[in-house]
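Notes for the one structure printed next.
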Amino acid sequence: MLEIRSLSKRYGHAMAVQDVSFRIAPGEVLGYVGPNGAGKSTTVKMIIGLLEPTSGQVLFHGESVIDDLPAFQSRLGYVPEEPHLYPHLSGREYLQLSGRLYGMRRKLLEPKIDEFLHLFSLWDDQHAPLSAHSKGMRQKILLSAALLHNPEVLLFDEPLSGLDVTTSLIFRDLIEGLAAQGRIIFYSSHVLEVVEKVCSQVLILRKGRVAAHDSIENLRTLMHQPSLEGIFGELTEERDHQAVAHHILEVMQA
């Protein structure tokens, strides 16, 4: 069980995240959505230990992760929003580095790297520097690195960024398979259609606060909305998309 308890982060006088709480049980996929600047990535960074919370706790199986952060991180797979990688390393070298940092032995690591490079269609470019990789290729390297050590907890922050359609579909099926194996999955994304299909629960963040947290089916019923997009628009008070698009066209032609 991963539990986030009253988590907050303050920058000066501004609250980026305020009093956010949720639980993810094994086999559950929590969709974490909100407008730009709502505090999604800040939440992720606090969970994995890159940012210190102003207040609140991150608990794993009832214990604060701060008590032994390296032990928690060793059971964690993380895909960040931006694929910032060491540009001078090749894809294989980056995966070797990741595996060794997780304490994997070469005898187990190298065959796994071979399989991931083949499965993600990266084999022919495995020795090319990451600086020569496309964004989608770098994203596949990040996905591979997050899965190499068979983690118990997976945090995905916009994992489909830059991926082609085929890989995106594979990833959706992968999420379902990971959940079926009892993994704990946190899925932060702007792609509401995918969140609606793969997540068992959804938390909608607005200005750093929880606007809603329930199953998508319950939210549809309670809010009389046919889709997550409608729920999201109502709760976050997003502007009328069609009206904004029409206004943009008018400004273009003025």
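Taking P26 as the residue in question, decide whether it is touching a residue at least 24 places away in the same chain (Cβ under 8 Å), closer than 28 Å to G177 by Cβ and more than 15 Å from the chain's Cα centre (by Cα).
yes
Keeping to region 129-170, report how many residues are in a strand (DSSP E or B) and β-branched (V, I, T). Residues in region 129-170 being in a strand (DSSP E or B) and β-branched (V, I, T): 1 in total.
Over 28 Å from R23 (Cα atoms), of a type in the set (S, T, Y) and modelled with pLDDT of 90 or more: which single residue out of S64, S90, S74 fits that description? Break it down stepwise before answering.
Values: S64 fails: over 28 Å from R23 (Cα atoms); S74 fails: over 28 Å from R23 (Cα atoms).
Matching residue, one of S64, S90, S74: S90.
For region 71-112, filtering for residues that are aliphatic (A, V, I, L, M) and closer than 21 Å to G162 by Cα leaves 4. Can you confirm whether region 90-97 contains a residue that is surrounded by 16 or more Cβ atoms within 10 Å (Cβ to Cβ), in the same structural domain as L147 (by TED's automatic domain parsing), in contact (Cβ under 8 Å) with a residue 40 or more places away in the chain and under 22 Å from I185 (Cβ atoms)? Within region 90-97, one or more residues are surrounded by 16 or more Cβ atoms within 10 Å (Cβ to Cβ), in the same structural domain as L147 (by TED's automatic domain parsing), in contact (Cβ under 8 Å) with a residue 40 or more places away in the chain and under 22 Å from I185 (Cβ atoms). Within region 145-200, count every residue that is of a type outside the set (A, V, I, L, M, F, W, C), in contact with a helix residue (DSSP H, G or I) (Cβ under 8 Å, 6 or more places away or on another chain) and closer than 21 Å to M104 by Cβ. Number satisfying all stated conditions: 1.
Using the structure shown, decide if L169 is out of contact with any strand residue (DSSP E or B) (no Cβ under 6 Å at 6 or more places or on another chain) and in contact (Cβ under 8 Å) with a residue 24 or more places away in the chain. No, not satisfied. Within region 189-209, restricting attention to residues that are more than 20 Å from I175 (Cβ to Cβ) and surrounded by fewer than 17 Cβ atoms within 10 Å (Cβ to Cβ), the residue that is modelled with the lowest pLDDT is K207. Remark: K45 matches the filter, which requires a residue to be under 21 Å from H213 (Cβ atoms), touching a Leu at 6+ places or on another chain (Cβ under 7 Å) and free of Cβ contacts under 8 Å to residues at least 12 places away in the same chain.
The single condition among (1) within 19 Å of Q73 (Cα to Cα); (2) within 16 Å of the chain's Cα centre (by Cα); (3) of a type outside the set (V, I, T) that G37 does not satisfy is (1). Would you be able to say whether some residue in region 24-33 is acidic (D, E), assigned by TED's automatic domain parsing to the domain that holds E217 and surrounded by fewer than 17 Cβ atoms within 10 Å (Cβ to Cβ)? No: zero hits.
For region 171-196, a residue qualifies if it is among the small types (G, A, S) and assigned to a strand (DSSP E or B), and exactly one does: S188. If only residues of region 71-90 that are aliphatic (A, V, I, L, M) and farther than 18 Å from L147 by Cβ are counted, the one that is nearest to the chain's Cα centre (by Cα) is A71.
Within region 100-139, track down each residue that is aromatic (F, W, Y) and more than 23 Å from the chain's Cα centre (by Cα). Spell out the reasoning first.
Our first condition is that a residue be aromatic (F, W, Y); within region 100-139, this holds for 102, 116, 120, 123.
If the condition is that a residue be aromatic (F, W, Y) and more than 23 Å from the chain's Cα centre (by Cα), then W123 is the only one that fits.
Which residues, counting only those in region 98-113, are surrounded by 14 or more Cβ atoms within 10 Å (Cβ to Cβ) and free of Cβ contacts under 8 Å to residues at least 24 places away in the same chain? The answer is E110, and nothing else.
Is region 61-72 home to any residue that is among the acidic types (D, E) and not assigned by TED's automatic domain parsing to the domain that holds R10? Write out each step before concluding.
So the first thing to find is which residues in region 61-72 are among the acidic types (D, E), and the list is 63, 67-68.
Cutting the leftovers down to not assigned by TED's automatic domain parsing to the domain that holds R10 gives us none.
For region 61-72, residues among the acidic types (D, E) and not assigned by TED's automatic domain parsing to the domain that holds R10: absent.
Residues of region 24-76 that are part of a strand (DSSP E or B) and under 20 Å from K207 (Cβ atoms): L30, G31, Y32, V33, S55, G56.
The values are calculated or read from the model by the stated rules, or taken from the named source; none is laboratory data. Note that the structure is predicted; figures quoted are calculated from it, not measured. Cβ sites come from the backbone with ideal geometry, for glycine too, and all protein chains shown count toward neighbours.
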